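Asks: Attaching a single structure in structure tokens format; questions to follow.
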Amino acid sequence: MYQLNFCAGPASLPESIYQALSQMVLNYHNTGLSLLSFSHRDQLFAEINNKIKQHLRTLLALPESYEILLMPAGASAQFAAVPINLKQNGRALYINSGYWAAAAIKEAKKFIEVDTIEGVDNVIDHIVDDYDYIYYTENETIDGVIWQKIPETNLPLVCDMSSSFLSKPIDVTKFDLIYAGAQKNIGLPGVTVVLIKKALIENIKQKAIPAVLSYQAMQQADSLYNTPDMFAWAAMELVLADLIKQGGLDVVAEKNARKAALLYEAIDQSKLFSNKVSLHNRSPMNIVFQLPSDELTAKFLNFADSQGVYGIAGHRSVGGVRVSLYNAIEFKAVEQLVSVMREFETLNA
Ligand SMILES: *Cc1c(COP(=O)(O)O)cnc(C)c1O
């Protein structure tokens, strides 16, 4: 039986949230109804919708000039929604920082002309005024790389924060659009948070936009254009309430930094494990590391599995090991993982 789950997504949630959700499925707040089968037009669901928005405003001190949209079909749908909605002159600048940025670029090219810059932490100094927006990915979930510095630009700045959203405080005012799929830090697959400047929505000129991907249609419908994934919304409401209860994003960030420091220290002290990301760009969320050979990597993954550790094989595109330390992971779990790593190293010295 697995004891520890470091899956990159869907990520594990606190036990208390699984319990609350189970209860909601069986009998939602003593209504005699299941969360899975009352109307999304019901007042019961309007409450979930309103609470999610209140929680996000509280956690982020979100100004009224930003709209909160809850969109379907995962972060990948935003790869298309962003260019489809924001296209004005027809050209955008994308920073290619890794796997997910590349996926966003590939999708965007179907709808808009794309210029790219390679790398992370680029200072955007050659601003061309006719870019409709500048796009980057804050945390590259597969490559284990994070941006520390927000690009300086006067153009609309769009950021995919799927795997770092609410893991630390965010200065939302630096961005025009932030989006994040819920299943990394804030819940379950099925809902994507979009924070967008109201002025940017007003400025949308494109007409031929599928309604479920349209920021204007979603804004008008209060995110209920059609039947949403109600279970995922309810889970997110619980996760956000829990983050507030924990003390907010400063507290969450401190806990996440301690967890990451512990694991990176164990890797750096080890003769067997190594991490190749530059110190400045090491992700606190997804920690990737290598062993000297594919054979040893496979041996380690088997050993970890036998010790009850789930979800640490690197993404199929890169191999190696990847440990995801999203908000729900406790410090204690990282300590346990480190002792499994040390034991393996002793056995294979
Ligand atoms: C997981 C992830 C995605 C894709 O999310 P889906 O919900 O599966 O579409 C996109 N961007 C980043 C940074 C991610 O971590």
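The values are calculated or read from the model by the stated rules, or taken from the named source; none is laboratory data. Note that the structure is a prediction, hence the values are computed from the model and not measured. Using ideal geometry, Cβ is built from the backbone for each residue, glycine included, and neighbour counts are taken over all protein chains shown. Surface accessibility is based on the protein's heavy atoms, side chains included, excluding ligands, DNA and RNA. Shrake-Rupley method; radii C 1.70, N 1.55, O 1.52, S 1.80 Å.
Asks: Once you wrap a convex hull around the alpha carbon atoms of the range 131-209, what is its projected area averaged over all directions, in nm²?
Replies: The orientation-averaged projected area of the Cα hull of the range 131-209 comes to 6.4 nm².
Asks: Here's a follow-up. Could you compute Rg(Cα) / (2.2 N^0.38 Å) for the chain, with N its residue count?
Replies: Cα Rg divided by the expected 2.2 N^0.38 Å: 1.02.
Asks: Roughly speaking, what % of Cα-Cα pairs in the range 197-255 are separated by over 12 Å, rounded to a whole number?
Replies: Percentage above 12 Å: 74.
Asks: How big is the range 291-349 by the Kirkwood estimate over distinct Cα pairs, in Å?
Replies: 12.1 Å is the Kirkwood radius here.
Asks: Taking trypsin sites (Lys or Arg not before Pro) that fall in a DSSP loop and have at most 11 other Cβ atoms within 10 Å as cut points, what is the longest piece of the chain between them?
Replies: In short, 42-109.
Asks: Follow-up question, since we're still on this one. Give me a comma-separated list of calculated 3J(HN,Hα) values for the range 239-249, in order, Karplus coefficients 6.51, -1.76, 1.60 applied at θ = phi - 60°, integers in Hz, x for any Gly or Pro.
Replies: Once θ is set to phi - 60°, the couplings for the range 239-249 become 4, 5, 4, 5, 5, 5, 4, 5, x, x, 6 Hz.
Asks: With a 1.4 Å probe and all protein chains kept in place, how much accessible area does LEU243 have, in Å² rounded to the nearest 10?
Replies: 0
Asks: Suppose every Lys and Arg Cβ carries +1 and every Asp and Glu Cβ carries -1, with no other charges. What dipole size does the range 237-349 come out with about its Cα centre, to the nearest 20 debye?
Replies: So the dipole magnitude of the range 237-349 works out to roughly 180 debye.
Asks: Also, I was wondering about something else. For the range 89-173, evaluate the Debye formula with one uniform point scatterer on each Cα (no solvent term) and list log10 I(q)/I(0) at q = 0.21, 0.22, 0.23 Å⁻¹, rounded to two decimals.
Replies: Relative scattering, expressed as log10 I(q)/I(0), comes to -1.01, -1.10, -1.19.
Asks: Using the 2.2 N^0.38 Å rule of thumb for compact globular proteins, work out how the range 1-146 stacks up: its C-alpha Rg over that value, please.
Replies: This ratio for the range 1-146 stands at 1.37.
Asks: When only the heavy atoms of the protein chains count and the probe is 1.4 Å, how do MET1, MET230 rank by accessible area, highest first?
Replies: MET1, MET230
Asks: Can you say what percent of the DSSP beta bridges in the chain, counting only those with both residues inside, are antiparallel? Round to 5.
Replies: Percent antiparallel among DSSP bridges in the chain is about 55.
Asks: How much length is gained on full extension from GLU335 to ASP42, taking 0.36 nm per residue of separation minus their Cα-Cα distance?
Replies: 101.0 nm is the gain from fully extending GLU335 to ASP42.
Asks: Between the range 180-207 and the range 35-54, what is the separation of their alpha carbon centroids in Å?
Replies: 18
Asks: So between SER278 and LYS245, what do we pick up on full extension, going 0.36 nm a residue minus the alpha carbon distance?
Replies: In short, 8.4 nm is gained.
Asks: Shifting gears a bit: At 0.36 nm per residue, minus the direct Cα-Cα distance, what do ALA208 and VAL123 gain on full extension? Give it in nm, one decimal, please.
Replies: 27.2 nm
Asks: Rank TYR215, THR346, ALA61 by how far each Cα sits towards the positive end of the charge dipole of the chain (+1 on Lys, Arg Cβ; -1 on Asp, Glu Cβ) and give me just the farthest.
Replies: TYR215
Asks: The chain: longest stretch without exposed GluC sites (Glu not before Pro) (DSSP loop, at most 16 other Cβ within 10 Å), sites themselves excluded?
Replies: For GluC sites (Glu not before Pro) (loop position, at most 16 other Cβ atoms within 10 Å), the longest site-free span of the chain is 153-329.
Asks: Would you mind estimating how fast the range 196-349 diffuses translationally, via Stokes-Einstein at 10 °C and 1.306 mPa s with the Kirkwood radius over Cα pairs, in µm²/s?
Replies: 84
Asks: Dipole magnitude of the chain about its Cα centre, charges +1 at Lys/Arg Cβ and -1 at Asp/Glu Cβ only, in debye to the nearest 20?
Replies: For this selection, approximately 340 debye.
Asks: Right, something else. Mind checking the dipole of the range 264-313: about its Cα centre, +1 per Lys or Arg Cβ, -1 per Asp or Glu Cβ, Debye to the nearest 20?
Replies: 120
Asks: Could you work out the per residue convex hull volume over the alpha carbons of the range 240-328, in cubic angstrom?
Replies: Spread over its residues, the Cα hull of the range 240-328 gives 119 Å³ apiece.
Asks: May I ask you to derive the relative contact order of the range 110-177, considering only C-alpha pairs under 8 Å and at least 6 residues apart, and to give it as an integer percent?
Replies: Result for the range 110-177 is 32 percent.
Asks: Considering the range 32-107, what Rg and Dmax in Å follow from its alpha-carbon atoms?
Replies: 17.2, 53
Asks: Follow-up. Using every alpha carbon pair in the range 151-267, what percent of pairs falls into each 5 Å bin from 0 up to the bin containing the largest distance?
Replies: 2, 10, 16, 19, 20, 15, 10, 5, 3, 1, 0
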